[in-house]
Amino acid sequence: MTQTLDTRSGVPALLNGRQDRTRSFDLADFPPVNGREEEWRFTPVKRLADFFEDSGSDATLSITTDLPEAVTVETITLDAARAHGILEPEDRPAAIAAARAGGVTHYSIPPDAEIDDPVVIRANGTGDDTVHGHVLLTIGANAKATVVFEHEGRARYSEFFSVVVEDGASLTLASLQLWDDESVHLGQHDALVGKDAYYRHISVTLGGDIVRLGSNVRYRGPGGEAELLGLYFADAGQHLEHRTFIDHNTPKATSNVMYKGALQGKDARSVWVGDVLIRPEAEGIDTYELNRNLILTDGARADSVPNLEIETGNIEGAGHASSTGRFDEQHLFYLMSRGIAEEEARRLVVRGFFNEVIQKIGIPEIESVLNEKIEEELARSVL
C-alpha cells in the first residue's frame with residue numbers, strides 16, 4: 001500500500017499504488033465496469049456501454065494524410081507491435097480496442113531523420129457505429145519529428161495508441177479533439193521514452209460529447225524528458241476528462257505536466273487526474289504537475305486530482321499544484337480601469353489564461369487552430 005494525499009480533502013489516504021493497477025492485453029483480466037471503480041468514478045459510464053462490450057464492427061475512421069518520404073505507414077499484427085515493447089492496456093476499453101482494431105496502424109520514422117514540418121494525420125468520423133483503433137508510432141534513435149493527429153466529424157471512437165521514442169530521439173505528438181458535438185472518444189496514449197530522449201504530448205479537447213483520454217509515460221533509460229501539455233474548453237453538457245500518469249522508473253529523468261481548462265454552461269464538466277509514481281530506482285529525477293481550471297458560468301463543475309507517490313528520497317524535486325476558480329477580479333478591474341468594457345475584459349482574461357499553454361506548444365499550425373476555436377467558444381459564451 002502507498003500513502004497519497006487526497007488533494008480535495010487534504011487527508012492522507014491509503015490506496016493501491018499505480019504500479020499495482022492491472023495492465024494486460026487479455027480482456028479476461030478486466031472485470032465489467034460499473035462506475036464505482038476508482039478509475040471510473042468520475043466518468044458517465046452508463047452512456048458508454050458499447051465501449052465496454054467485447055464486440056467489433058466494420059466501422060472505421062476516414063484517414064487522410066500526406067506523409068513525408070521519410071515516414072512510412074503499414075498495417076501490422078498485434079504481436080508485431082508487441083515486439084516493439086509497447087505498454088499494455090490499463091483498462092477494459094483499451095484492451096478491447098487493441099483486440100478489435102483489425103490490425104495495428106504503424107507509423108515509423110527512421111533513425112537520424114529530421115523532419116522539419118509537422119506530419120499531419122486527419123481522422124474523420126462518418127457515423128455512430130463504435131470504431132476501434134490501435135496506432136503505433138515509432139521514432140528511431142536520434143531522429144526528430146512533430147506528428148499531429150486531428151480528429152473531426154461524428155464518431156464513437158475507442159483508441160489504443162502506443163508510442164516508442166528511441167534513445168536520443170525527439171518527438172512532439174499532438175492529439176486534437178475537434179469532434180462534432182455528438183461524438184464520443186475514449187483513448188489511452190502510452191509512450192516509452194528512451195535514454196536521453198525527449199517526448200512532448202499535447203492534448204487539445206474542444207469538441208465531442210464525452211472525451212476521456214489517458215496519457216501515460218514510462219522511461220527506457222536515464223536522462224529521458226517528458227512534457228505533457230493539455231488544453232480543454234467544456235460547454236454545456238460536455239464531459240471532458242484527462243488523465244496523466246508519469247512512471248519514473250529510471251534515474252535522472254524529468255517530467256512536466258501542465259493542463260488548463262475553461263468551462264461554461266449548465267452541466268459542463270471537466271476532470272483531470274494526474275498521477276506521478278517515483279520508484280525506488282528513480283534517483284535524481286525532477287517532476288512537476290499543474291492543473292488550472294477557470295469556471296466561466298454557474299452550473300459548470302471541474303474536478304482536479306493530482307497525486308504523487310514517492311518511494312525514494314533521493315530526488316531533485318517533486319511537486320504539484322491545482323486550482324479551480326472564477327475570474328481574477330483584480331485582472332478585470334485593471335483592464336476595466338483602462339477603458340475596456342467588462343465583456344471584452346473577461347474575454348481577454350480567458351485568452352490570457354490559455355496563452356501560457358498555447359505558447360508552449362510551439363507549432364504555428366496548432367496555435368492558429370486553437371486561437372480560432374477559442375474565439376468561436378468565446379463568441380457564443382455568456383460571460
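Summary of values
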| read-out | value |
| --- | --- |
| Answer residue from the range 57-75, given it is over 25 Å from the mean Cα position of the chain (by Cα) and closer than 21 Å to HIS185 by Cβ and is surrounded by the most Cβ atoms within 10 Å (Cβ to Cβ) among those | SER57 |
| Tabulated pairs, the range 9-28, first within 24 Å of PHE52 (Cα to Cα) and modelled with pLDDT of 70 or more, second of a type in the set (Phe, Trp, Tyr) and in a strand (DSSP E or B), C-beta under 8 angstrom, 6+ apart or interchain | ARG18/PHE245 |
| Residue under evaluation PRO111, criteria (1) touching a strand residue (DSSP E or B) at 6+ places or on another chain (Cβ under 7 Å); (2) on the phi < 0 side of the Ramachandran plot; (3) assigned to a loop (DSSP other than H, G, I, E, B), criterion not met | (1) |
| Flag if SER270 is farther than 27 Å from LEU378 by Cα, modelled with pLDDT of 95 or more, buried (at least 24 other Cβ atoms within 10 Å of the Cβ) and not aromatic (Phe, Trp, Tyr) | no |
| Unique match (being part of a strand (DSSP E or B) and either loosely packed, with under 15 Cβ neighbours inside 10 Å or modelled with pLDDT under 85 (or both)) among GLY319, GLY313 | GLY319 |
| Residue count, the range 347-383 (criterion: part of a loop (DSSP other than H, G, I, E, B) and surrounded by 15 or more Cβ atoms within 10 Å (Cβ to Cβ)) | 3 |
| All positions within the range 65-90 that are touching a helix residue (DSSP H, G or I) at 6+ places or on another chain (Cβ under 6 Å) and closer than 12 Å to THR138 by Cα | none |
| Count of the range 218-255 residues which are out of contact with any Pro (no Cβ under 7 Å at 6 or more places or on another chain) and closer than 21 Å to LYS195 by Cβ | 17 |
| Candidates LEU178, LEU228 - the one that is among the hydrophobic types (A, V, I, L, M, F, W, C) and crowded, with 21+ Cβ neighbours inside 10 Å | LEU228 |
| Cross-chain or 6+ apart pairs with Cβ under 6 Å, the range 367-383 first and within 14 Å of ALA234 (Cβ to Cβ) and at pLDDT 85 or above, then small (Gly, Ala, Ser) and part of a helix (DSSP H, G or I) | none |
| Scan of the range 288-305 for residues that are within 17 Å of the chain's Cα centre (by Cα) and of a type in the set (Ser, Thr, Tyr), ordered by number | TYR288, SER304 |
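Results for (1) among the aliphatic types (A, V, I, L, M); (2) on the phi > 0 side of the Ramachandran plot; (3) modelled with pLDDT of 95 or more; (4) loosely packed, with under 12 Cβ neighbours inside 10 Å, shown as yes or no for each residue.
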{"site": "ASN34", "(1), (2), (3), (4)": "no, no, no, yes"}
{"site": "PRO44", "(1), (2), (3), (4)": "no, no, yes, no"}
{"site": "SER55", "(1), (2), (3), (4)": "no, no, no, yes"}
{"site": "ASP79", "(1), (2), (3), (4)": "no, no, yes, yes"}
{"site": "ALA83", "(1), (2), (3), (4)": "yes, no, yes, yes"}
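The values are calculated or read from the model by the stated rules, or taken from the named source; none is laboratory data. Bear in mind the structure is a predicted one, so any value in this text is a computation, not a measurement. Cβ coordinates were reconstructed from backbone atoms using ideal geometry, including for glycine residues, and neighbour counts include every protein chain displayed.
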